[in-house]
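Asker: The following block contains the structure, expressed as structure tokens.
Nothing in this text is a laboratory measurement; each read-out follows from the coordinates by a stated rule. All figures in this text were calculated on a predicted structure; none of them were measured in a lab. All Cβ positions, even for glycine, are placed from backbone atoms using ideal geometry, and neighbour counts span all protein chains on display.
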Amino acid sequence: MRSFTYTRAKDVPSALQDLSSHQDAKFIAGGTNLLDLMKIDVMKPRHLVDITGLGMKSIEERKGGGLRLGALVTNADTAYHEQVEKRYPLLSHAILAGASAQLRNKATDAGNLLQRTRCYYFYDTATPCNKREPGSGCSAINGYNRNHAILGHSEHCIATHPSDMAVGLAALEATIRVTGPQGEREIPIADFYRLPGDMPQKDTNLGEDEIITAIDLPSRGFADNYAYLKNRDRASYAFALVSVAAGLEMDGDTIKEARIALGGVAHKPWRKPEAEAMLVGKKANRENFMTVADAYVQGAAGFKYNEFKIELARRSIVRALMQAAKIDQ
Ligand SMILES: Cc1cc2nc3c(=O)[nH]c(=O)nc-3n(C[C@H](O)[C@H](O)[C@H](O)COP(=O)(O)OP(=O)(O)OC[C@H]3O[C@@H](n4cnc5c(N)ncnc54)[C@H](O)[C@@H]3O)c2cc1C
Ligand code: SF4
């Protein structure tokens, strides 16, 4: 681990000031991802701005409905918050499917969204990786690519985003609130993450000089008909091979609205609104769910070790929708 300097910010303006006045500076929240990456020399900040003293640790009602999750609320406090459990059980389940109890006690909501990929080569500094070292190449494309993308990948990077929480937030259509030198702005979660393209080193559209202050949940939480299904190599403490967050708005057994977000398959949580729209006005049944699942994976392309994910994604979508619709499988 390289040496670095450290300051503790008192408020958002001083955090932004600290960040901009130090070269190669990073914010640190729970530290559960950043410190791991610093220890193995994958991330090399020269200065850390500790933001854990900034407040931003409460969950509040929003005017007009919805909840505002402070950026520094822990994953555990979010998942077990009475209103989140009651109104957004999909999000609770997504968060609790991730990491371990100890990690969730420390990990913050903003830090969770900004965790880096779990591509093996990104972690191995002896191998080329365009995300870690732009222009060096991608070791995964012709390497061991079991946990890699089947959708939206590029010739420069086939990594996936590892956050479970982000998949739940994508289905709920949450908004990320950020502050930077130009003031505050809101980024819909659909625009927050990027596809790798020819700039895989950039995971999100958050500015280098911006801080996440909160995550806004809209009023609709799909609390009656939801599912978060995570398929992984071990039953716990493992990242998703394929995950599905599903929310249905039902009128009897007819679907009024459907939301489906996939994790573990792309550089960002994967939505396909035109495929979701195919369910509107349709009966909730396996046949209709299979049609939409086929549409979701249309255009998917796997690699040597992850081809299986295409069928896994298809079946997982059907299963999650059956669970959300409360149909016996
Ligand atoms: C063994 C293990 C298993 C795990 N399994 C899972 C899993 O299955 N699913 C899952 O989703 N996650 C999993 N995780 C990841 C874990 O959820 C993340 O490490 C954690 O959520 C990161 O939060 P943090 O507060 O510790 O972030 P930090 O490590 O402090 O920060 C992460 C990044 O976010 C930036 N940052 C933090 N807060 C802000 C802010 N407010 N504004 C701007 N930038 C900010 C930091 O600069 C840093 O770049 C696992 C982690 C480990 C170690
Ligand atoms: S998939 Fe992306 S993160 Fe993994 S080696 Fe290739 S460039 Fe690096």
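Asker: For the residues Val167, Val280, Val242, what sequence is obtained by ranking on other C-beta atoms within 10 Å, fewest first?
Answerer: Values: Val167 32, Val280 12, Val242 25.
Taking fewest neighbouring Cβ atoms as first place, the list is Val280, Val242, Val167.
Asker: How high is the FRET efficiency from Lys304 to Leu195, r the C-beta distance, R0 22 Å, rounded to 0.05? Let's see the in-between values first.
Answerer: Values: r = 21 Å, r/R0 = 0.98.
That pair, Lys304 with Leu195, gives E of 0.55.
Asker: Any chance you could get the radius of gyration and Dmax over the Cα atoms of the range 224-329, in Å?
Answerer: Over the range 224-329's Cα set, Rg and Dmax evaluate to 13.3, 44 Å.
Asker: Could I ask something else about it? Between Ala126 and Glu274, what is the label-point separation in nm under the 7 Å Cα-to-beta-carbon projection?
Answerer: Here the answer is 4.6 nm between the modelled labels.
Asker: Write down, largest first, the equivalent ellipsoid semi-axes of the range 5-50 in whole Å, where each equals the square root of 5 times an eigenvalue of the alpha-carbon gyration tensor.
Answerer: Details: eigenvalues 74, 27, 8 Å².
Calculated on Cα positions only, the semi-axes equal 19, 12, 6 Å.
Asker: For an R0 of 41 angstrom, estimate the FRET efficiency from the Cβ-Cβ distance between Arg286 and Glu155 and round to the nearest 0.05.
Answerer: On the way: r = 37 Å, r/R0 = 0.90.
Between Arg286 and Glu155 the formula returns 0.65.
Asker: Related question: Counting other beta carbons within 10 Å of each residue's own, what order do Ser20, Ser100, Ser316 fall into, fewest first? Don't skip to the answer; put the middle values down first.
Answerer: On the way: Ser20 14, Ser100 10, Ser316 27.
Listing Ser20, Ser100, Ser316 from fewest to most nearby Cβ atoms yields Ser100, Ser20, Ser316.
Asker: If I model the chain as equal point scatterers sitting on the Cα atoms and use the Debye formula, what is log10 I(q)/I(0) at q = 0.06 Å⁻¹?
Answerer: -0.20
Asker: Specify the inter-centroid distance of the range 267-323 and the range 1-63, based on alpha-carbon positions, in whole Å.
Answerer: Computed from Cα coordinates, the inter-centre distance equals 38 Å.
Asker: Would you kindly state how much longer the chain becomes between Ser236 and Thr254 on full extension, computed as 0.36 nm times their sequence separation minus their alpha carbon distance, in nm to one decimal? Let's see the in-between values first.
Answerer: Details: separation 18, 0.36 × 18 = 6.48 nm, distance 3.45 nm.
Length gained between Ser236 and Thr254: 3.0 nm.
Asker: Which of the lysines could a cross-linker span from Lys63 if the Cα-Cα distance has to be under 25 Å and same-chain partners fewer than 8 positions apart are dropped?
Answerer: In chain and number order, the partners are Lys86.
Asker: Also, quick follow-up: Any chance you could tell me what percent of the C-alpha pair distances in the range 157-262 go past 17 Å?
Answerer: Working: 3460 of 5565 pairs.
Here the tail beyond 17 Å accounts for 62 percent of pairs.
Asker: Beyond a 20 Å Cα-Cα separation, which of these cross-linked pairs lie in this structure: Lys230/Lys256; Lys26/Lys268; Lys283/Lys326; Lys26/Lys106; Lys26/Lys131; Lys44/Lys230?
Answerer: Working: Lys230/Lys256 25 Å; Lys26/Lys268 22 Å; Lys283/Lys326 13 Å; Lys26/Lys106 18 Å; Lys26/Lys131 17 Å; Lys44/Lys230 32 Å.
Violating the 20 Å limit, Cα to Cα: Lys230/Lys256; Lys26/Lys268; Lys44/Lys230.
Asker: Let me ask something else about it. If amide hydrogens are placed 1.01 Å from N in the peptide plane, which non-local residues have theirs closer than 5 Å to the one on Ser139?
Answerer: Hits under the 5 Å cutoff: Asn130.
Asker: Show me, bin by bin at 10 Å from 0, the whole-percent P(r) of the range 85-227 based on Cα pairs.
Answerer: Bins of 10 Å from zero give 11, 35, 35, 17, 2 percent of pairs.
Asker: Next up: Given DSSP loops and a limit of at most 12 other Cβ atoms within 10 Å, what is the longest stretch of the chain that contains no such GluC sites (Glu not before Pro)?
Answerer: On the way: sites that count: Glu155, Glu208.
Free of exposed loop sites, the longest segment is 1-154.
Asker: Further, regarding this structure: For a Förster distance of 35 Å, can you work out the FRET efficiency between the beta-carbons of Ser3 and Arg185, rounded to the nearest 0.05?
Answerer: Step by step, r from the Cβ atoms, then E = 0.50.
Asker: Let me ask another. Among 36-43, 318-325, 23-30, what's the highest-first ranking by average C-beta atoms within 10 angstrom per residue?
Answerer: In decreasing order of mean packing, 36-43, 318-325, 23-30 become 318-325, 23-30, 36-43.
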